[in-house]
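The values are calculated or read from the model by the stated rules, or taken from the named source; none is laboratory data. The structure presented is a predicted model; accordingly, all values stated were derived computationally and were not measured. Cβ sites come from the backbone with ideal geometry, for glycine too, and all protein chains shown count toward neighbours.
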Amino acid sequence: MSSSTHDVYESPLVARNASPEMVGLFSARHRIRTWRRLWVALAESQHELGLPITRKQIEQMKRAMDRIDFNRAARYEKKLRHDVMAHVLAFGDAAPDARGIIHLGATSADITDNADLMILREALIFIRDWLVNVIDALGRFAQKHRGLPTLGFTHFQPAQLTTVGKRATLWCHDFLMDLEHIEFELDHLKFRGLKGATGTQNSFLELFDGSATKVRRLETKFTKKMGFTGCYPVTGQTYSRKVDAQIVNVLSGVATSVHKFCNDIRLLAHLKEIEEPFEKSQVGSSAMPYKRNPMRCERATGLARFVLSLAGSPLQTAAEQWLERTLDDSANRRLSIPEAFLATDGMLRIVTNVARGLMVNEKIITDHVQQELPFLATENVLMAAVKSGGDRQCLHEKLRRYTQAAAAEIKSPASLHRFAIRRPQSATLAHPLIRRLSDDPAFANFDWKKLLDPRKHIGLAVRQTDVFLETCVAPIRRRCRRVLHKRADLSR
């Protein structure tokens with residue numbers, strides 16, 4: 001890296017987060033090469049419909065496709081104050097025999113908008129592929145830990161038990177919904193086509209001496225050459241900017257899933273139950289050598305928050321377009337759309353890396369379950385005592401008093417250490433609540449070991465996990481197997 005790069009601002013999205021493939025997709029070279037592909041396709045389509053464009057001109061344009069002189073284009077743009085015309089002239093210099101027919105009949109949006117839609121499609125495919133890998137990784141994690149009981153939390157307070165695998169299906173399902181939305185956008189994304197300056201195709205109608213049939217055939221040929229099956233039925237000068245808003249909204253949905261997943265891992269890391277990967281030489285803190293901060297999830301959460309903040313910008317741009325078009329969309333789109341994709345790409349790389357390397361501390365999870373299980377089991381205790389002939393209301397009041405007293409005892413300084421150091425099973429049986437219940441004749445004859453088996457309190461969690469993996473995850477793996485195992489190396 002040359003020293004000059006340290007003297008100018010470089011986006012952290014490029015330097016630290018997004019994959020080289022996504023960065024390249026939004027590069028100037030890829031954008032201008034896409035413009036040139038469109039100019040070639042336009043010339044070919046016009047040639048095939050009888051306009052005076054020769055094969056020699058087209059072949060020269062093809063040979064010059066990758067000879068992009070950005071300095072020459074910059075000089076033209078400085079003079080003309082128009083980036084498309086600057087590159088028309090630069091392309092003409094590289095293919096001089098074709099200079100007079102490049103961009104024939106077209107307005108800038110016939111090139112730039114179609115190129116943007118092509119790049120959006122490619123970028124959505126990248127995001128789709130990352131989502132497939134996240135779903136696969138979380139599916140494998142769910143399968144491995146499908147039967148491991150863990151505390152379920154509501155309000156971040158212990159609630160009923162679930163399993164580690166079942167919880168992972170919740171994360172996985174969020175990303176699965178994102179995949180469905182991405183694929184919907186890919187299935188419904190269309191080409192702008194050749195619509196001219198205000199969407200009426202007037203310039204192309206003039207080229208073909210008033211033949212609407214040839215204009216339609218020109219657009220169809222042009223569209224197919226670029227790999228699209230259809231065009232938006234009507235446009236102004238540009239395709240509706242609601243398309244951009246819909247796509248960035250889908251990316252913000254992905255950001256929501258990332259934020260939820262990473263926040264959950266951060267909470268579980270605080271409990272020491274589940275942790276993100278931590279490398280052998282990784283430094284957790286410059287001041288505190290013992291720290292194992294969840295920095296990957298924190299980083300992904302920050303990127304997700306950034307994408308969420310971008311979601312409103314394309315909506316405002318779409319709302320602000322006057323009549324057939326105003327140019328206040330351009331500067332905004334050059335920022336909001338690439339950065340939304342770069343940040344989404346970056347955070348999905350992180351999530352893939354984390355999901356593949358999650359570390360589960362089973363002993364700590366089991367300890368936490370055993371500490372809370374006597375409280376969680378009181379509903380089952382109540383039902384069993386009623387079946388034995390007890391009065392439901394009296395038994396409920398006893399349980400209420402016993403649980404409050406037991407909770408107070410556990411929180412007392414004298415009890416905390418004594419209770420925490422016991423083995424899980426002995427801790428459960430010596431639990432202050434179980435001790436109180438065992439001394440009451442209404443609950444004395446219970447088989448506490450059986451009643452406090454965590455597997456008796458996880459409901460259908462294992463079955464739900466298995467069904468989800470079989471019906472939702474497995475079909476995605478089969479359908480998208482060629483894109484599985486993408487590298488998620490976080491070397492930056």
Checklist outcome for this item: Checked the range 10-50 for anything touching a Lys or Arg at 6+ places or on another chain (Cβ under 9 Å) and part of a loop (DSSP other than H, G, I, E, B); matches are Ala18, Ser19, Leu49, Gly50
Next on the checklist: As an exercise: evaluate Ile101 against (1) crowded, with 16+ Cβ neighbours inside 10 Å; (2) in a helix (DSSP H, G or I) and give the number of the one condition it does not meet.
Outcome noted: (2)
Item to check | Tabulated pairs, the range 207-218, first exposed (fewer than 15 other Cβ atoms within 10 Å of the Cβ), second part of a helix (DSSP H, G or I) and aliphatic (A, V, I, L, M), C-beta under 7 angstrom, 6+ apart or interchain | outcome: Ala212/Leu205
Checklist entry - Does Leu179 qualify as being outside any strand (DSSP E or B) and either in contact with a helix residue (DSSP H, G or I) (Cβ under 6 Å, 6 or more places away or on another chain) or farther than 30 Å from Ile102 by Cα (or both)? => result yes
Next on the checklist: What pairs come out if I take residues in the range 82-97 that are in contact (Cβ under 8 Å) with a residue 12 or more places away in the chain and pair them with residues that are outside any helix (DSSP H, G or I) whose C-beta lies under 6 Å away, six or more apart or interchain?
Outcome noted: Val88/Ile102; Val88/His103; Ala90/Asp69; Phe91/Ile102; Ala94/Ala64; Ala94/Arg67; Ala95/Ala64
Item to check | Check on Phe222, modelled with pLDDT under 95 and either in a loop (DSSP other than H, G, I, E, B) or out of contact with any His (no Cβ under 7 Å at 6 or more places or on another chain) (or both) | outcome: no
Checklist entry - Can you tell me which of Glu372, Glu362, Glu379 is free of Cβ contacts under 8 Å to residues at least 60 places away in the same chain and more than 19 Å from Phe306 (Cβ to Cβ)? => result Glu379
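Conditions tested, residue by residue: (1) of a type in the set (D, E, K, R); (2) under 30 Å from Ile135 (Cα atoms); (3) not assigned by TED's automatic domain parsing to the domain that holds Lys144.
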position	(1), (2), (3)
Ile350	no, yes, no
Asp367	yes, yes, yes
Gln371	no, no, yes
Gly390	no, no, yes
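Filter the range 24-59 down to residues that are in contact with an Asp or Glu (Cβ under 7 Å, 6 or more places away or on another chain) and buried (at least 18 other Cβ atoms within 10 Å of the Cβ) and give me whichever is nearest to Gly227 (Cα to Cα).
It comes out as Leu25.
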Checklist entry - Counting just the residues of the range 225-250 that are small (Gly, Ala, Ser) and farther than 19 Å from Ala41 by Cβ, which one comes out modelled with the highest pLDDT? => result Ala245
